[in-house]
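Here's the structure, in structure tokens; my notes come after.
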Ligand code: NDP
């Protein structure tokens, strides 16, 4: 039977690559996004993958959005929590709003999306929750107290929930990408980017497709014994 996968932030960057890779692997895919209608429309036109607009930072919108997706595509078997934002600032300049926005999207967003799909996965005895954390949640990063806290929180969430899902056929895993060549990273000034690349042993940024392939594997039946894990994909930049 064809499984359904829902990818948050699935129309751009890493999420776009994940949506396409899951479709290619045979899943019925829905891609959520926050507000960039033009990109989402072009994505749907190009890939045939329907896109759904709501903010993962709002619980009620997630409940409604997931209902809409399930009405069109069937129950969500695979949830990829990929949506994420940065609001960088050194801590002494970080505003409470910058803190809240990042926590609301990158950490509470993961709760808001996982909580509504969890009961159905438990009932059906199968589920995959895959959350895109970050190298900076593992090692911390200057000017990213908000982002590093949220991404580290995603790893704790994953480890805790994995224990609850294990007997119900639900695996819960996190992926920690290093620096991937998406808009988020290409927005970093070139000299800073080159400095970052010099710290990556493989000598290059990662590709979104390299993260997408990790997601396809963790979604599969073959990965049924892997739960509560953190898959590090960072070109050797930080070894855990
Ligand atoms: P992009 O900025 O390229 O894309 C972000 C996506 O998330 C967009 O589709 C955006 O929608 C969506 N989004 C943002 N906020 C919300 C929200 N509140 N509700 C729903 N969707 C939202 O990001 P990347 O592809 O670079 O990053 C994807 C994930 O990978 C993030 O979680 C990021 O933290 C993580 N990551 C990225 C790394 C990198 O090097 N790029 C490294 C490590 C981790 P819209 O288009 O409408 O704005």
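How many nm is it between the label spots at residue 207 and residue 164, if each spot is 7 Å from the Cα in line with the beta carbon?
Label at residue 207, label at residue 164, 3.8 nm between them.
Hey, how many Å between the Cα centroid of segment 83-97 and the Cα centroid of segment 208-240?
Distance between centres, Cα-based: 27 Å.
Which number do you get for Rg(Cα) / (2.2 N^0.38 Å) in the chain?
0.96
If you line up the long axis of helix 208-219 against the longest principal axis of the chain, both from Cα atoms, how many degrees apart are they, to the nearest 10?
The angle comes out near 40 degrees.
What does the extension gain come out to for residue 142 and residue 233, with contour length at 0.36 nm per residue minus their alpha carbon separation? The partial results should precede the final answer.
Working: separation 91, 0.36 × 91 = 32.76 nm, distance 2.04 nm.
Here the segment from residue 142 to residue 233 would lengthen by 30.7 nm.
Pick from 119, 50, 96: which residue has the top mean-square fluctuation in a GNM of the chain where Cα pairs under 10 Å get a spring?
Answer for the Gaussian network model of the chain: 96.
Take the alpha carbon atoms of segment 12-61, find their center, do the same for segment 141-203, and report the distance between the two centers in whole angstrom.
20 Å
Can you tell me which of 72, 151, 23 moves the most in a GNM of the chain? Springs connect C-alpha atoms under 10 Å apart.
Residue with maximal mean-square fluctuation among 72, 151, 23: 72.
How large is the helix-only mean residue ellipticity at 222 nm for the chain, computed as the sum of -39500 (n - 2.57) over DSSP H runs with n ≥ 4, divided by its residue count, in deg cm²/dmol to the nearest 500?
Numbers: 10 runs with 112 residues, N = 240.
Calculated from helices alone, the mean residue ellipticity at 222 nm is -14000 deg cm²/dmol.
For 4, 199, what ranking results if the residue with the fewest other Cβ atoms within 10 Å of its Cβ goes first? Spell out each step's value before the answer.
Numbers: 4 20, 199 12.
Exposure proxy ranking, most exposed first: 199, 4.
Where does helix 13-24 land angle-wise versus the long Cα axis of the chain, in degrees 0 to 90, nearest 10?
Its long axis makes an angle of about 30 degrees.
Note the angle between two axes, namely the Cα long axis of helix 109-124 and the longest principal axis of the Cα atoms of the chain, as a number of degrees from 0 to 90, rounded to the nearest 10.
It works out to around 30 degrees.
Where is the GNM fluctuation largest for the chain (alpha-carbon springs, 10 angstrom cutoff): 165, 84, 48?
Result: 48 has the largest fluctuation of those listed.
Figure the gain on full extension for residue 68 and residue 123 (residue separation times 0.36 nm, minus the Cα-Cα span) and round it to one decimal in nm.
Difference between extended and current length: 17.8 nm.
Arrange 33, 59, 179 by Cβ neighbour counts within 10 Å, fewest through most, would you?
Ascending Cβ contact count within 10 Å gives the list 59, 179, 33.
Given points 7 Å out from each Cα along the Cα-Cβ axis, report the residue 197 to residue 115 separation in nanometres with one decimal.
According to this spin-label approximation, the distance is 4.3 nm.
Read-outs throughout are calculated quantities, based only on the coordinates presented, and are distinct from any laboratory measurement. These numbers were taken from a predicted model, which means no experiment stands behind them. Positions of Cβ are generated from backbone atoms using ideal geometry, with glycine treated the same way; all protein chains shown enter the neighbour counts.
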